[in-house]
Amino acid sequence: MDLPRLAMQIGRSEKVAVMPHVALEALRKCSDTDASPKDLEKVLAADPGLSARVIKLANCPLYTTGGEVTTVSGAVQVLGLRALKGVIYAAAYDEAIAHVPGAAGIDRKAMWMHSLLTAFAAREMAPHFEGEQDKAYVAGLLHEIGLITLARHAPEVVARILAGAEQEVRPIDEVATDVLGFTAGDLGAVIAEKWRLGEHVAAAARYITRPALDASDITRPTTLSVAAGHVLALKATAKPGQEVNPPTSLQERLAAFPQEELDSLMERANAGVQEVTSVFSK
């Protein structure tokens with residue numbers, strides 16, 4: 001497959017639109033540093049599902065001020081911009097994963113939980129790499145957007161890549177390169193650019209398993225934070241005897257962390273995951 005041509009086809013196709021229009025517009029607003037709560041409120045008003053989740057979050061014990069929140073504007077006031085953006089990103093990504101065809105062979109629930117855990121672990125790691133926590137969270141959450149997009153466009157290809165990786169005990173990126181000529185992360189970077197999700201999301205998607213290749217002083221701290229969060233999330237859910245090896249550029253950095261500090265970091269990350277999943281529970 002030709003990467004630019006594939007990305008163009010996906011960008012123009014309604015059939016493989018990974019996210020609904022309102023959710024995508026909300027993501028764009030979230031990536032805009034000048035976006036105000038009022039701007040996001042206007043976007044949310046067009047999507048009852050997103051609005052309901054935001055209101056539900058505002059009524060969680062962590063945020064509630066005693067009175068019941070029943071409107072989007074009330075939720076915006078209670079939550080603040082950071083928490084509001086977090087739930088919008090999570091809702092949009094949840095929508096994307098929910099529409100991945102079963103034929104692609106992806107465990108949608110496992111991917112959702114891994115993406116969330118990576119996001120929160122990346123947020124916790126960001127200060128250690130001189131990165132911004134919010135950028136790390138968003139980039140961590142969306143780091144698999146290329147694989148999800150490809151699964152919507154060509155589920156049989158993704159199924160072949162995943163099966164090959166399992167049977168040959170090889171990294172998915174290696175198998176994808178053999179099959180496609182590029183990785184899902186490469187596609188994710190192009191899609192992030194086309195959707196105007198920001199350079200940090202694009203870089204983290206592209207370099208998630210090879211952060212040393214990110215040569216940008218602007219995005220490298222985010223890329224390293226997300227790559228580290230990705231490794232920690234994989235380790236947290238690894239099966240007994242399953243090895244998770246960090247990229248070479250991260251091995252020394254992660255090894256320098258006392259185990260107690262990593263345990264505490266992951267406790268906070270898991271608490272964040274539980275907070276978000278409580279909003280999305282039926």
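The values are calculated or read from the model by the stated rules, or taken from the named source; none is laboratory data. Everything numeric in this text was worked out from a predicted model, so none of it was measured. A quick note on method: Cβ atoms are made from the backbone with ideal geometry, for glycine too, and the neighbour counts reach across all protein chains shown. Each accessible area value is taken on the protein alone, full model and side chains, heavy atoms only, with ligands, DNA and RNA left out. Shrake-Rupley method; radii C 1.70, N 1.55, O 1.52, S 1.80 Å.
Taking the conditions exactly as written (under 30 Å from Lys38 (Cβ atoms), without any contact (Cβ under 8 Å) to a residue 60 or more places away in the chain and either in contact with a Pro (Cβ under 7 Å, 6 or more places away or on another chain) or not aliphatic (A, V, I, L, M) (or both)), does Leu81 satisfy them or not? Outline the logic, then answer.
Details: under 30 Å from Lys38 (Cβ atoms): yes; without any contact (Cβ under 8 Å) to a residue 60 or more places away in the chain: yes; either in contact with a Pro (Cβ under 7 Å, 6 or more places away or on another chain) or not aliphatic (A, V, I, L, M) (or both): yes.
Criteria met by Leu81.
Just name the residue that is farthest from the chain's Cα centre (by Cα) out of those in region 223-268 that are of a type in the set (A, V, I, L, M) and under 24 Å from Glu199 (Cα atoms). So that I can check it myself, show each step before the final result.
Filtering region 223-268 down to residues of a type in the set (A, V, I, L, M) leaves 224, 226-228, 231-234, 236, 238, 244, 250, 254-256, 262, 265-266.
Add one more test, that the residue is under 24 Å from Glu199 (Cα atoms), and what stays is 224, 226-228, 231-233, 250.
Values: Leu224: 15, Val226: 9, Ala227: 12, Ala228: 14, Val231: 14, Leu232: 15, Ala233: 12, Leu250: 20 Å.
Result: Leu250.
Checking the conditions here, which among Arg170, Arg152 is of a type in the set (Lys, Arg), out of contact with any helix residue (DSSP H, G or I) (no Cβ under 6 Å at 6 or more places or on another chain) and assigned to a helix (DSSP H, G or I)? Before you say what the answer is, go through the steps one by one.
On the way: Arg170 fails: assigned to a helix (DSSP H, G or I).
Only one candidate passes the filter, namely Arg152.
Among the residues of region 128-156, which ones are of a type in the set (S, T, N, Q) and either at pLDDT 95 or above or surrounded by 24 or more Cβ atoms within 10 Å (Cβ to Cβ) (or both)? Lay out the reasoning, then the answer.
Initially, region 128-156 is screened for residues of a type in the set (S, T, N, Q), giving 133, 149.
Thr149, the sole residue that qualifies.
Do we have Ala184 as open to solvent by 50 Å² or more (accessible area, probe 1.4 Å) and either over 16 Å from Ala122 (Cβ atoms) or modelled with pLDDT under 90 (or both) here? Break it down into steps so the answer makes sense when it comes.
Details: open to solvent by 50 Å² or more (accessible area, probe 1.4 Å): no; either over 16 Å from Ala122 (Cβ atoms) or modelled with pLDDT under 90 (or both): yes.
No: the conditions fail for Ala184.
Among the helices (runs of 4 or more DSSP H) confined wholly to region 205-282, which include 1 or more residues that are open to solvent by 20 Å² or more (accessible area, probe 1.4 Å) and closer than 14 Å to His143 by Cβ? Working first, answer last.
Working: elements: 220-236, 248-255, 259-280.
Helices (runs of 4 or more DSSP H) meeting the threshold: 220-236.
Write out, first by first residue and then by second, each pair whose Cβ atoms fall under 6 Å of each other, whose residues are 6+ apart or on separate chains, and whose first residue, in region 135-156, is of a type in the set (Asp, Glu) while the second is open to solvent by less than 10 Å² (accessible area, probe 1.4 Å) and assigned to a helix (DSSP H, G or I).
Glu144/Ser115
Could you please let me know if Ala110 is among the aliphatic types (A, V, I, L, M) and open to solvent by less than 10 Å² (accessible area, probe 1.4 Å)? Spell out the reasoning first.
Working: among the aliphatic types (A, V, I, L, M): yes; open to solvent by less than 10 Å² (accessible area, probe 1.4 Å): no.
Against the criterion (among the aliphatic types (A, V, I, L, M) and open to solvent by less than 10 Å² (accessible area, probe 1.4 Å)), Ala110 does not qualify.
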